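The values are calculated or read from the model by the stated rules, or taken from the named source; none is laboratory data. All of these numbers come straight from a predicted model, not from anything done at the bench. Positions of Cβ are generated from backbone atoms using ideal geometry, with glycine treated the same way; all protein chains shown enter the neighbour counts.
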Amino acid sequence: MKIFKSVLALSVLLTMLVACGDDSSSSVSPDSGASISDGNESSSSNKDGSSSSQKSSKNSSSSVDKKSSSSEQGNSSVGGKSSNSSAVKSSSSFELEPVCDDGDTTTVEAFGEYIYETCRDGFWEADSTKSKRVVDSLAAIEKNKEHPNMDSLFAGYKGEYFEFEDPRDGHKYKYIEFHGYTDDIGSHATFYVMAENLNYGKMVSSSTTKFDDKVTEKLCYVDDEWFCDNHFGGLYTWAEAMNLPKVCDSVEVSSNDACKAYADSARNSEKMRTIVWQGICPDGWHIMNQREWLYAGGDLRSKALWEENAGYNRTGMSIIPTARLQTDVYTALWTPSALESNVAKAVYFYSTSNNADLSGKEITRRTFRSVRCVMDANNTLIH
C-alpha cells in the first residue's frame, strides 16, 4: 500500500515535470519564433512602415517642399509678375504716356536747389538749377521786411575810398578812382565814380500813380526807406533820373518840347554813348554813360547779397542786387541813352552770370532803376 502510494506520488510528480517542460519548450520555441517572426514582420513592417513612412514623409516632404516651392514659385511668380508687370506698366506709362503739356514750366525744390523745368515732347526736362539761398536772399527781405547785414559791402577793395558829401541833403558817398588803358582813345584814362547808388529825393510809395515834376521822387526797395539810406539808393524812372518831366518816359524825346534839352545834347546814338548829362546827380557830377561803364568793366560786384556769382569787389564799385525775379536777383542802372519811342538803355548785373551787360539793355523808361554818378573833373574820357 505504501509502495503504491509512493509510485502514485512519483507518477504525479513526473507528469507535472513533463507538463512544465512542454510548456517551457512551447513557450520558448514557438513563441520565440513567433516573436522573431513577429519581430521580423514588425521589423519588415517597420521597415516597410518606415519606408512607407519615409516615403510618406518623403512624399509629404516632397509635397510640402513642392507645395512650398510651388508656393514660393507662386509667390515669386506672382510677386515677380506683379512687380515686373507693375514695373513694365510703370515704365511703359512713364515712357509712352505724356505727363505734361509742351511749353509748360515748373519749379522743383530738391537738395537745397530750385530746379527749373520745361515740358518738351510730353516730359519734363531740367533747364537749369539755382541755389535756394540765392533766390531766397532778397525773397526773405521782401517777405519779412528784414534788413540785411551790409558789413561786407566794401570788402575786398585794396584801393582808397574817398568821401563826397552832397550839399543838397548832406548825404555822404564813397567814391573811387578808375585808372587804366582804353583802346578807343588809345591811351590811359582816369575818372572818379561813386561806389554807391545815388540816394536823392523824396520817397514815394510803389503804388503811387501821380508824380510831381517839381520834386525829385524815388522809390525805396520794398517801400522801406532803410534800404535807400543804406547803400541800395533810390530807384527812379529814366525821366526822373535825367531830371526831365515825366512825359519824357513815354514819348520820343525829340518830338516833345519838354524833352528838347536832352534831345539837343544827344543828337545821335554815338553822342548818347558819351553824353555828359547831370540829371539828378549833384553839381559837378553826371549820370554814368555807356562809355564809362564799358571802361569800368571788371570785377564790379560786391561780396554782399549776391551769394551766388558774388564778386570780390576788386574795382571797388561794390555793385549789389536791388531787385528780384522768380529765378534771379539782379540790378539795373540807367545810362543817359534814350532810344526811339519809350525805351532807354540800362546796364544789368545778374546773379545767374558772372558777366554784366555793360553795353546796355533796352528797357521801358517807366521802370524804376538805380543811378551811379561820375565826377566831371579829372575825367580823361570826356575831356
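Points to keep in mind about this one:
To keep it simple, each residue is scored yes or no on (1) of a type outside the set (S, T, N, Q); (2) in contact with a Ser or Thr (Cβ under 9 Å, 6 or more places away or on another chain); (3) buried (at least 17 other Cβ atoms within 10 Å of the Cβ).
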| residue | (1), (2), (3) |
| --- | --- |
| Asp299 | yes, yes, no |
| Leu333 | yes, yes, yes |
| Asn342 | no, yes, yes |
| Ala346 | yes, yes, yes |
| Phe349 | yes, yes, yes |
| Arg369 | yes, yes, yes |
| Asp376 | yes, no, yes |
| Ile382 | yes, yes, no |
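- Taking every residue in the range 199-217 that is among the basic types (Lys, Arg) and pairing it with any residue that is surrounded by fewer than 16 Cβ atoms within 10 Å (Cβ to Cβ), at least 6 positions away or on another chain, the pairs with Cβ-Cβ distances below 7 Å are Lys202/Val215.
- Those residues of the range 215-264 which are hydroxyl-bearing (Ser, Thr, Tyr) and closer than 26 Å to Glu196 by Cβ, in sequence order: Thr216, Tyr221, Tyr236, Thr237, Tyr262
- Condition broken by Asp357, with the remaining ones in (1) free of Cβ contacts under 8 Å to residues at least 12 places away in the same chain; (2) touching a Leu at 6+ places or on another chain (Cβ under 8 Å) satisfied: (2)
- Among (1) within 25 Å of Ala239 (Cβ to Cβ); (2) modelled with pLDDT of 90 or more; (3) surrounded by 17 or more Cβ atoms within 10 Å (Cβ to Cβ); (4) touching a Lys or Arg at 6+ places or on another chain (Cβ under 7 Å), the one test that Asn313 misses: (1)
Yes or no, residue by residue, for (1) assigned by TED's automatic domain parsing to the domain that holds Val193; (2) over 23 Å from the mean Cα position of the chain (by Cα); (3) at pLDDT below 95:
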residue	(1), (2), (3)
Lys260	yes, yes, yes
Ser265	yes, yes, yes
Arg273	yes, yes, yes
Met288	yes, yes, no
Lys303	yes, no, yes
Leu325	yes, no, yes
Thr335	yes, yes, no
Val343	yes, yes, yes
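- Some residue of the range 161-180 being of a type in the set (Ser, Thr, Tyr) and modelled with pLDDT under 95: no
- Filter result (at pLDDT 95 or above, among the hydroxyl-bearing types (Ser, Thr, Tyr) and crowded, with 22+ Cβ neighbours inside 10 Å) within the range 201-242: Tyr236, Thr237
- Restricting the first member to the range 221-243 and to residues that are in the same structural domain as Thr209 (by TED's automatic domain parsing), and the second to residues that are surrounded by fewer than 17 Cβ atoms within 10 Å (Cβ to Cβ) and of a type in the set (Asp, Glu), the beta-carbon pairs closer than 8 Å and six or more apart or on different chains are Val222/Glu142.
- Scanning the range 244-285 for residues that are free of Cβ contacts under 8 Å to residues at least 12 places away in the same chain and among the hydroxyl-bearing types (Ser, Thr, Tyr) turns up Ser254, Ser255.
- In this structure, Thr322 qualifies as of a type in the set (Val, Ile, Thr), within 24 Å of Phe211 (Cβ to Cβ) and touching a helix residue (DSSP H, G or I) at 6+ places or on another chain (Cβ under 6 Å).
- Test result for Met288, surrounded by 19 or more Cβ atoms within 10 Å (Cβ to Cβ), touching a residue at least 40 places away in the same chain (Cβ under 8 Å) and closer than 27 Å to Gly156 by Cα: yes
- When Arg324 is tested against (1) in contact (Cβ under 8 Å) with a residue 12 or more places away in the chain; (2) closer than 29 Å to Arg168 by Cα, only condition (2) is not met.
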